[in-house]
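One structure is given below, encoded as C-alpha cells.
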Amino acid sequence: MKKTNFLFATLLSLIFVSCGGNNNEQPAATEANVEQTEQAAPAPVVYENNYLVKVGDIAPDFTLKLTDGSDFTLSKNRGKVVMLQFTASWCGVCRKEMPFIEKDIWQKHKENPNFVLLGIDREEPLEDVKKFAESTGITYPMALDSNADVFASYAERKSGITRNILIDGEGRIVKLTRLFNETEFNSLVEMIDSMLKK
C-alpha cells in the first residue's frame, strides 16, 4: 500500500511539473532568498565624521517628545532656520559646548520666530535629561531620542556626539559639526547670524 501511495504521489508530481505554467514566473519567496535580497541591499554611504547625511541633503524628518511633554516634528518647522544638537549627559565635550550654545546662539536668537534650536538627548530617561539641562545651565528645548533612532538617521548609530546640524528654511542641511572646535563653532554662530538677517 505504501509503495502504491509513493508511486501515485510521484506520478502526480510529474503531471504537475509537465503542466508547469509560465516559465517566466518568479519563484515564491523563501527565507533563503528573502535573506539574500536583504543582504544585497547596499550599505548606507558614510561621510566625514561618520555622518550619513551631507551638506545639501534634505534633513531626515522625525517627531520626538520634548521634556515638557509636547511633540516636535522637524518638517512642521519648514521656513525656519533649525539647529539640532545631539547630546547626552555622559558626554564631556557636550557639557563643555552647551553653555556656549546657550550664550552665543540661544540667548541671541530665542525671540526670533524664524529660529528653532533643539537639543536631542541620546538614550537617556526624562529625569536624567532634565537634570542634565539644569546642570549645564541651558534653557533651550530638549527632546528625548530614547533609542537613538533619530540620531541613527543622521550618523552611524554607534558614532559619537556632540554634533550640530544646521538646516535652512527649505529643510536642507547647510552645516554639520562634530565635537567642540572653537573655530568651527564660531563659523556656526556666524552662519546662523547671517541666515537670520535675510
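The values are calculated or read from the model by the stated rules, or taken from the named source; none is laboratory data. Here the structure is a predicted model, which means the values were calculated and not measured. Neighbour counts run over all protein chains shown; Cβ positions are idealised from the backbone, glycine included. SASA here: full protein model, heavy atoms, side chains in, ligands and nucleic acids out. Shrake-Rupley method; radii C 1.70, N 1.55, O 1.52, S 1.80 Å.
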Please list, ordered by residue number, the strands (runs of 3 or more DSSP E) wholly in the range 124-187 having 3 or more residues that are open to solvent by 10 Å² or more (accessible area, probe 1.4 Å) and under 14 Å from K54 (Cα atoms).
173-178
Of everything in the range 62-75, what is open to solvent by less than 40 Å² (accessible area, probe 1.4 Å) and either of a type in the set (A, V, I, L, M) or in a helix (DSSP H, G or I) (or both)? Give them in sequence order.
L64, L66, L74
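Taking the stated definitions as given, is R78 at pLDDT 95 or above, more than 21 Å from the chain's Cα centre (by Cα) and surrounded by 10 or more Cβ atoms within 10 Å (Cβ to Cβ)?
Working: at pLDDT 95 or above: yes; more than 21 Å from the chain's Cα centre (by Cα): no; surrounded by 10 or more Cβ atoms within 10 Å (Cβ to Cβ): yes.
Answer is no for this residue.
Return the only residue of L126, L144, L166 being under 25 Å from D68 (Cα atoms) and without any contact (Cβ under 8 Å) to a residue 60 or more places away in the chain.
L126
Would you confirm, using the coordinates I've provided, whether S159 is within 24 Å of N186 (Cα to Cα) and of a type in the set (S, T, N, Q)? So that I can check it myself, show each step before the final result.
Working: within 24 Å of N186 (Cα to Cα): yes; of a type in the set (S, T, N, Q): yes.
Criteria met by S159.
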Residues satisfying the stated conditions in the range 95-123, i.e. hydrophobic (A, V, I, L, M, F, W, C), open to solvent by less than 20 Å² (accessible area, probe 1.4 Å) and either assigned to a helix (DSSP H, G or I) or at pLDDT below 95 (or both)
M98, I101, I105
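So which residues in the range 48-57 are open to solvent by 80 Å² or more (accessible area, probe 1.4 Å) and under 14 Å from the mean Cα position of the chain (by Cα)?
First pass over the range 48-57, keeping only residues open to solvent by 80 Å² or more (accessible area, probe 1.4 Å): 48, 54-55.
Scanning the range 48-57 gives a single hit, K54.
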The conditions are (1) more than 23 Å from E184 (Cα to Cα); (2) in a helix (DSSP H, G or I), and A43 fails exactly one of them. Which is it?
(2)
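Among K198, K175, which is at negative phi and in contact (Cβ under 8 Å) with a residue 12 or more places away in the chain? Please lay out each step first, then the result.
On the way: K198 fails: in contact (Cβ under 8 Å) with a residue 12 or more places away in the chain.
Unique residue meeting the criteria: K175.
Do we find that A143 is within 16 Å of L117 (Cβ to Cβ) and not hydroxyl-bearing (S, T, Y) in this structure? Lay out the reasoning, then the answer.
Values: within 16 Å of L117 (Cβ to Cβ): yes; not hydroxyl-bearing (S, T, Y): yes.
In short, yes.
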